[in-house]
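Peer 1: Structure below; questions to follow.
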Amino acid sequence: MTQADTVELAEGFFTDPHELYRMLRREAPVTPVSTREGMRAWVVTRYEDARPALNDPRLSKDVSRFHEDGPIGFLDRHMLSSDRPDHTRLRKLVSRAFTVRAIARMRPRIEEIAQGLADRMAAKARRDGTVDLLDEFAFPLPMTVICELLGVPDGERDDFRGWSNTLLSEAPPDEHEAAVAAMSDFLSRLVAEKGAHPGDDMLSAIVKASEDGDTLSEGEAASMAFLLLVAGHETTVNLIGNGALALLRHPDQLAVLRGDPALVPNAVEEFLRYDGPVNMATFRYTTEPVEIGGTRIPEDQIVLVSLVSANRDPDRFGDPARLDVTRDVAGHVAFGHGIHHCLGAPLARLEGEIAFRTLLDRFPGLTLAGEPATLSWRHSTLIHGLTRLPVRVGIP
Ligand code: HEM
């Protein structure tokens with residue numbers, strides 16, 4: 001193929017993006033792509049191009065260059081859609097709550113949530129035989145944690161999962177619009193509620209900052225809530241789901257981990273490298289013509305840096321398609337790089353560690369139910385994750 005060919009991202013890409021990326025890294029490392037929904041963008045696939053691109057100021061995150069009000073309306077005024085100096089101001093408002101030390105204080109509560117979910121999963125498995133690891137464990141764990149942190153009431157969480165899924169998937173335009181409207185409504189109500197009855201939670205603090213004057217507008221407060229809620233669960237669910245699948249397909253690695261549970265934090269890093277949750281959800285926009293990896297990208301183009309591809313680049317990680325929980329994975333880009341490096345990384349790492357410790361400890365006979373070929377993946381070019389993960393837990 002030539003550099004000018006546009007690659008269409010079709011069905012097979014969702015199930016196994018690695019095959020296409022292997023070819024692109026070799027033959028067209030920076031290439032135009034189109035999705036079935038008609039989005040056209042340039043995708044960057046090699047590690048040596050991806051890492052600097054993530055921190056290149058000529059690649060703006062400011063989505064308002066493209067859409068007057070952002071593709072998701074007023075909810076798109078958050079730090080991940082901003083450049084400096086707005087980005088610095090917005091990130092600073094919440095960054096103290098996400099330091100490694102602040103997050104470490106959440107360990108006992110996260111362990112308690114994980115144990116409660118494991119109890120429920122065991123009971124369900126006794127009744128039904130097979131359980132969906134995503135529904136019972138991988139999803140509710142990060143969702144409960146981020147909702148408790150932000151102060152989202154219990155009864156309001158389920159709808160949010162559906163809308164969030166629609167926004168990140170290849171949904172028809174009318175479904176997308178309906179999800180944006182429902183989500184905007186929900187967040188506006190939530191922000192108003194926190195303003196009227198502030199609690200001891202992060203969202204109340206954010207709303208208070210917006211009321212106190214010029215640090216944060218009302219729209220930015222709702223956008224911040226949106227970003228933290230979506231980023232807080234859509235990704236970690238797939239760290240747990242993709243990681244569990246990888247382990248269950250590699251019994252030798254599962255045995256290594258069972259033999260030495262101190263390896264769990266390193267295994268979590270390897271899961272992030274091997275099959276990370278964020279595929280191409282790294283929107284950037286060229287503010288001028290930019291050359292990446294020898295390819296000239298014109299001004300005003302969308303650039304998507306594929307983290308899944310960069311993390312499997314053989315020039316950076318030897319034998320990249322091999323899962324190795326003892327591997328030195330320093331430098332992987334699953335959490336991005338540069339000023340937008342994931343704010344929630346310490347939380348995601350802690351949740352991942354607790355999730356895998358709990359699964360290993362509570363379910364010594366955990367196996368896949370059914371053939372790996374029958375698994376179904378989400379129809380999203382942005383997020384890389386399963387729709388279901390049926391397992392047997394192997395307890396009497
Ligand atoms: C940004 C990945 C969990 C909050 C990012 C970015 C990536 C990422 C790749 C940067 C995207 C870009 O540069 O375009 C992940 C992964 C996670 C995870 C793989 C789980 C395994 C979380 C959690 C939170 C969170 C639990 C908690 C709220 C954020 C925020 C940003 C961000 C606020 C924007 C940072 C900025 O623009 O400065 N994440 N994330 N993430 N993530 Fe995460």
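Peer 1: Looking only at the range 270-297, which residues are more than 15 Å from the ligand (Cβ to nearest atom), among the charged types (D, E, K, R) and touching a residue at least 24 places away in the same chain (Cβ under 8 Å)?
Peer 2: E288
Peer 1: Oh, and also: Within the range 121-130, is there a residue that is of a type outside the set (V, I, T), more than 19 Å from the chain's Cα centre (by Cα), closer than 24 Å to R349 by Cβ and part of a helix (DSSP H, G or I)?
Peer 2: Yes, some residue in the range 121-130 is of a type outside the set (V, I, T), more than 19 Å from the chain's Cα centre (by Cα), closer than 24 Å to R349 by Cβ and part of a helix (DSSP H, G or I).
Peer 1: Let me ask something else. Being more than 30 Å from A182 (Cα to Cα), polar (S, T, N, Q) and more than 21 Å from the chain's Cα centre (by Cα) is true for just one of T88, T31, T45, T99. Which residue is that?
Peer 2: That would be T31, the only listed residue that is more than 30 Å from A182 (Cα to Cα), polar (S, T, N, Q) and more than 21 Å from the chain's Cα centre (by Cα).
Peer 1: Of all residues being buried (at least 19 other Cβ atoms within 10 Å of the Cβ) and more than 18 Å from the chain's Cα centre (by Cα) in the range 304-319, which is nearest to L263 (Cα to Cα)? Just the residue, please.
Peer 2: F317
Peer 1: To continue, here is another question. For the condition within 11 Å of the ligand (Cβ to nearest atom) and hydroxyl-bearing (S, T, Y), what is the one hit in S60, S64, S95?
Peer 2: Only one candidate qualifies: S95.
Peer 1: Would you point out the residue of the range 320-350, among those that are near the ligand (Cβ under 7 Å from one of its atoms) and within 23 Å of E148 (Cβ to Cβ), that is surrounded by the most Cβ atoms within 10 Å (Cβ to Cβ)?
Peer 2: A348
Peer 1: I need a count of the residues in the range 204-229 that are at pLDDT 90 or above and away from the ligand (no atom under 12 Å from the Cβ).
Peer 2: Result for the range 204-229: 1.
Peer 1: Going residue by residue through the range 282-301, is there one that turns out to be of a type in the set (A, V, I, L, M) and under 21 Å from the mean Cα position of the chain (by Cα)?
Peer 2: no
Peer 1: Still on this structure, please answer the following. Of all the residues that make up the range 139-157, how many are under 19 Å from L386 (Cβ atoms) and free of Cβ contacts under 8 Å to residues at least 60 places away in the same chain?
Peer 2: 1
Peer 1: In the range 351-364, what count of residues is obtained for those that are within 13 Å of E269 (Cα to Cα), more than 10 Å from the ligand (Cβ to nearest atom) and crowded, with 23+ Cβ neighbours inside 10 Å?
Peer 2: Result for the range 351-364: 1.
Okay, residues lined up against (1) touching a helix residue (DSSP H, G or I) at 6+ places or on another chain (Cβ under 6 Å); (2) farther than 24 Å from A41 by Cβ; (3) aromatic (F, W, Y):
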| residue | (1), (2), (3) |
| --- | --- |
| R322 | no, yes, no |
| V333 | yes, no, no |
| G336 | yes, no, no |
| C342 | no, no, no |
| A345 | no, yes, no |
| L359 | no, yes, no |
| L366 | no, yes, no |
| S376 | no, yes, no |
| L382 | yes, no, no |
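Peer 1: Being at pLDDT below 95, away from the ligand (no atom under 16 Å from the Cβ) and out of contact with any Gly (no Cβ under 7 Å at 6 or more places or on another chain) narrows it down to one of D252, D300, so name that one.
Peer 2: Selected residue: D300, the only one of D252, D300 that is at pLDDT below 95, away from the ligand (no atom under 16 Å from the Cβ) and out of contact with any Gly (no Cβ under 7 Å at 6 or more places or on another chain).
Peer 1: G232: modelled with pLDDT under 95, among the small types (G, A, S) and either surrounded by 24 or more Cβ atoms within 10 Å (Cβ to Cβ) or in contact with a helix residue (DSSP H, G or I) (Cβ under 7 Å, 6 or more places away or on another chain) (or both), yes or no?
Peer 2: Taking the combined requirement at face value, the residue satisfies it.
Peer 1: Under 6 Å between Cβ atoms, at least 6 apart or on separate chains: pull out the pairs that start in the range 85-104 with a residue that is free of Cβ contacts under 8 Å to residues at least 60 places away in the same chain and part of a helix (DSSP H, G or I) and end on any residue that is near the ligand (Cβ under 9 Å from one of its atoms) and of a type outside the set (D, E).
Peer 2: Taking only residues 6 or more apart or on different chains, not a single pair turns up.
Peer 1: Kindly indicate which of A222, A205, A182 is surrounded by 14 or more Cβ atoms within 10 Å (Cβ to Cβ) and touching a Leu at 6+ places or on another chain (Cβ under 7 Å).
Peer 2: A222
Peer 1: Which numbered condition trips up T374, out of (1) closer than 26 Å to D49 by Cβ; (2) surrounded by fewer than 13 Cβ atoms within 10 Å (Cβ to Cβ)?
Peer 2: With (1) closer than 26 Å to D49 by Cβ; (2) surrounded by fewer than 13 Cβ atoms within 10 Å (Cβ to Cβ) applied to T374, the lone miss is (1).
The values are calculated or read from the model by the stated rules, or taken from the named source; none is laboratory data. Every value quoted in this text rests on a predicted model; they were computed, and no experiment measured them. All Cβ positions, glycine included, derive from the backbone under ideal geometry; neighbour counts span all protein chains shown.
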